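J.: Please read through the structure below; I'll follow up with questions.
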Amino acid sequence: MDLHLAGKVGIITGASRGIGRAIAQILSDEGMRLALVARSRDQLEELSASLATESLVQAADLRAPETPAIVVAATLERFGRLDLLVNNAGATKRGDFFNLSDDD
Ligand SMILES: NC(=O)c1ccc[n+]([C@@H]2O[C@H](COP(=O)([O-])OP(=O)(O)OC[C@H]3O[C@@H](n4cnc5c(N)ncnc54)[C@H](OP(=O)(O)O)[C@@H]3O)[C@@H](O)[C@H]2O)c1
């Protein structure tokens with residue numbers, strides 16, 4: 001499949017395993033360069049080495065409020081552009097969004 005993504009740049013959060021890892025593999029096969037974000041550096045490094053395109057490993061905890069801006073800045077510094085965010089990292093906590101706290 002050609003999704004016309006070759007040369008574009010994306011940030012994939014939660015890329016170390018599961019759905020995020022599979023998304024990263026598919027987008028790399030489509031020719032995208034990727035910033036790979038999760039806490040598990042070893043898993044991100046292993047994924048990065050296996051991808052068909054250039055990738056940037058960013059081992060970081062997205063619960064820290066400063067992390068998103070750091071990730072975006074590092075991605076722009078490396079690749080000079082940013083076309084896509086796959087905001088996949090996380091774990092489910094059920095409830096009304098507006099009643100959930102930062103700790104949730
Ligand atoms: N699987 C399902 O059936 C399902 C259904 C509905 C929604 N979802 C949602 O889809 C997303 C992916 O699901 P999945 O099944 O692939 O989950 P998963 O296998 O548990 O993977 C979660 C990913 O998020 C990363 N992550 C978690 N907390 C993080 C943090 N604080 N900072 C940075 N990275 C963090 C994990 O990496 P590290 O642990 O290395 O940080 C991992 O790469 C999640 O948001 C989940 O809630 C999944």
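J.: Could you please report the charge total around Thr67, scoring K, R as +1 and D, E as -1 over all other residues with beta-carbon less than 12 angstrom from its beta-carbon?
T.: 0
J.: What's the center-to-center distance, using Cα atoms, between region 69-104 and region 1-36 in Å?
T.: For region 69-104 versus region 1-36, the Cα centre distance is 16 Å.
J.: Can you give the percent of C-alpha pairs in the chain whose distance is more than 15 Å?
T.: Working: 3254 of 5356 pairs.
Every Cα pair in the chain considered, those over 15 Å come to 61 percent.
J.: Using a Gaussian network model of the chain whose springs link C-alpha atoms within less than 10 Å, name the residue from Ala15, Ala59, Ala73 with the highest mean-square fluctuation.
T.: Looking only at Ala15, Ala59, Ala73, the largest GNM fluctuation is found for Ala73.
J.: Over region 1-84, what relative contact order in percent results from Cα pairs under 8 Å that are six or more residues apart?
T.: 30
J.: Work out, step by step, the length gained on full extension between Thr67 and Lys93: first 0.36 nm times the residue separation, then minus their alpha carbon distance; give nm to one decimal.
T.: 7.3 nm
J.: So, with +1 on the Cβ of K and R and -1 on the Cβ of D and E, and no other charges, what is the size of the charge dipole of the chain about its Cα centre, to the nearest 20 debye? Walk me through the intermediate numbers first.
T.: Working: 11 positive and 15 negative charges, 14 e Å.
With only Lys, Arg, Asp and Glu charged at Cβ, the dipole is about 60 debye.
No lab work stands behind these numbers, since they all come straight from the coordinates. It should be emphasised that the depicted structure is a prediction, and the values quoted were computed from it without experimental measurement. Positions of Cβ are backbone-derived with ideal geometry, glycine not excepted, and every protein chain shown enters the neighbour counts.
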